[in-house]
Amino acid sequence: MLGLIGRKVGMTSFFSPEGDQACTIIQAGPCPIVNIRTVERDGYTALQLGYESIKPKHLNKPLAGYFKKQGVEPVKILREFRVPDVSEYKIGQVLDVRLFNEGDVVSVVGWTKGRGFAGVVKRHGFAGVGGRTHGQHNRERHPGSMGSNTFPGRVWKGKRLAGRYGNERVTIENLSVLKVIPEKNILVVSGSVPGPRGGLLLIYK
C-alpha cells in the first residue's frame with residue numbers, strides 16, 4: 001500500500017453537516033523517492049521514501065555516500081512502502097498529500113507514548129494491595145501475592161508484572177480523510193492516532 005511519512009501535529013474538532021467530531025491533524029510529506037525495490041534485484045517491489053531534510057554534515061559516511069549515489073537530497077527518515085507496481089515511479093520523484101482525497105479511508109501507524117519502567121497499577125490496572133490501614137506501610141501499589149501453591153511453587157510464566165510500558169508500534173485502521181490542505185502539507189483524519197505531538201506516523205492509502 002502506498003502512503004506517506006508524517007508527524008502528528010495535534011487534535012481538534014472538525015465540524016461537518018453531520019455534526020462535530022474529533023480529528024487529528026497530520027503534517028504529511030513531502031516525501032522524495034530515494035530508492036525503488038524491484039523483483040529482479042531485491043525479490044519484492046517497494047518504494048523507499050524519505051522525510052525531513054538534513055544537513056550533509058550530520059550524516060555518517062555510509063549514509064552520505066548512499067544519498068550521493070542515489071542523486072537525492074539527504075533526509076533524516078527512511079521508510080519502505082510495498083507497492084505492486086513501481087514502473088510509474090522514478091527516483092527523485094516527490095510524493096505529497098495530493099496522494100489522498102477527501103473521503104479516502106487510510107490506516108495510520110504510530111508509536112505509543114513511552115512511559116518507561118512502570119508498575120502493575122499503571123501498566124495493567126491492578127488495584128494494589130489495599131488501603132493505608134491496619135499497619136500497612138508502602139504497599140498500596142504493590143502487586144501482592146503472586147506465587148502459586150505447593151505445585152509448582154513458583155510464579156507462572158507470562159504473569160503480568162512491572163516492566164517497560166508504551167513505545168509500541170500500533171496501527172489504527174479505517175480512518176476517514178476529512179480534509180486535505182496541499183499548500184501546507186496538512187492531512188486531517190477522523191479520530192485519534194497513536195503517539196505524542198510530533199510523533200512519527202506512517203499513513204497508508
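A short reminder: the numbers here are calculations on the coordinates, not readings from a lab. What you are looking at is a predicted structure, and each value in this text was computed from that prediction instead of being measured. For neighbour counting, all protein chains shown are included, and Cβ atoms are generated from backbone atoms with ideal geometry for every residue, glycine included.
Based on DSSP H segments of at least four residues, each scored -39500 (n - 2.57), the chain has a per-residue ellipticity at 222 nm of -2000 deg cm²/dmol. Relative protection proxy for 130-141, 87-98, from highest mean packing down: 87-98, 130-141 (other beta-carbon atoms within 10 angstrom). Under 5 Å from the amide H of Gly199 lie the amide H atoms of Lys8, each residue being 5 or more positions distant or on a separate chain, with H modelled from the backbone and absent for Pro and chain starts.
When each of the peptides 29-41, 156-168 is scored by the mean number of other C-beta atoms lying within 10 Å of its residues, the order from highest to lowest reads 29-41, 156-168.
FRET efficiency for the pair Ile77 and Lys159, taken as 1/(1 + (r/R0)^6) with r the Cβ-Cβ distance and R0 = 25 Å, rounds to 0.10. The calculated FRET efficiency for Lys179 paired with Glu140, based on their beta-carbon distance and R0 = 35 Å, is about 0.15. Helix 61-70 axis versus longest C-alpha principal axis of the chain: approximately 40°, rounded to the nearest ten. What is the distance in Å between the Cα centroid of the stretch 61-93 and that of the stretch 156-205? Comparing the Cα centres of the stretch 61-93 and the stretch 156-205, I get a distance of 24 Å.
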